[in-house]
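The values are calculated or read from the model by the stated rules, or taken from the named source; none is laboratory data. Note that the structure is a prediction, hence the values are computed from the model and not measured. Methodologically, a virtual Cβ is constructed for each residue, glycine included, from the backbone with ideal geometry; neighbour enumeration extends over all protein chains shown.
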Amino acid sequence: MDFQNRPGGKTGGGGVASWSESNRDRRERLRQLALETIDLNKDPYFMKNHLGSYECKLCLTLHNNEGSYLAHTQGKKHQANLARRAAKEAKEAPQQLAPEKPRIEPKKFVKIGRPGYRVTKQKDPENGQQSLLFQVDYPEIAEGVQPRHRFMSAYEQKIEPPDRRWQYLLFAAEPYETIAFKVPSREVEKHDSKFWTHWNKDTKQFFLQFAFKLEPLRLPPAPPKMWENHGMRLPPPPGASMMGAPPPPPLMPVPPPPPSM
């Protein structure tokens, strides 16, 4: 056979490789490429038995060489078993708890006692609106600290039994102890002219004033009618039917008697 003039032949070279040889060379190149990118020692399902062959512990398949095992790992069966195993592990694994929020540790300082204070009750002479003015003295307040305040419901505190009729107004500033005032649990005006605070850095005095909202006037109920109070009823209007019966017909005039003979 003339191999030189054969189609696809090359002078000075061998004959054209068959399909099986080309396929074998391709698999060998793919195996070498896969071995460069994939480390079989880190594969948990790759195992070499005592006979020198390779096994897939996930799919329970037997392979003659590493290339065959690598080709198996890219197949549908191995990929499906991997997905099934991942779903099973996710279902059996305990649910991960949400990470805890970082806790803000309170500042530690030596308290020097309670501050002095003064409370003034006020009432608007025009509409009778009630308000309170608080003055708290902090002569030895820490440097760069400004007093703070907030309202607390009766159910937040643990000192007294909760009573929904009252709420508490708290004042705090380092290094003094926090003080609280018990005020009626009524709605407070939030308008700037009715609620304001002021911190005087020179005199070390903190002022707070707020006013309660005016409650709507409630008119007393109308007095009951006299006939209803005594169990009496008004007479029906003229022409009205009595007990559902029609009114009697009008009386006809009686003719005079005939003259006597």
Test result for Ser53, assigned by the TED database to the domain that holds Ala34 and modelled with pLDDT of 85 or more
yes
What residue, of Lys204, Lys225, Lys194, Lys182, is in contact with a strand residue (DSSP E or B) (Cβ under 7 Å, 6 or more places away or on another chain), modelled with pLDDT under 90 and not polar (S, T, N, Q)?
Lys194
What is the number of the single condition among (1) touching a Phe, Trp or Tyr at 6+ places or on another chain (Cβ under 9 Å); (2) of a type outside the set (A, V, I, L, M); (3) at pLDDT 90 or above that Gln129 does not meet?
(3)
Subset of region 66-86 that is among the polar types (S, T, N, Q) and exposed (fewer than 13 other Cβ atoms within 10 Å of the Cβ) - its residue that is modelled with the highest pLDDT
Gln79
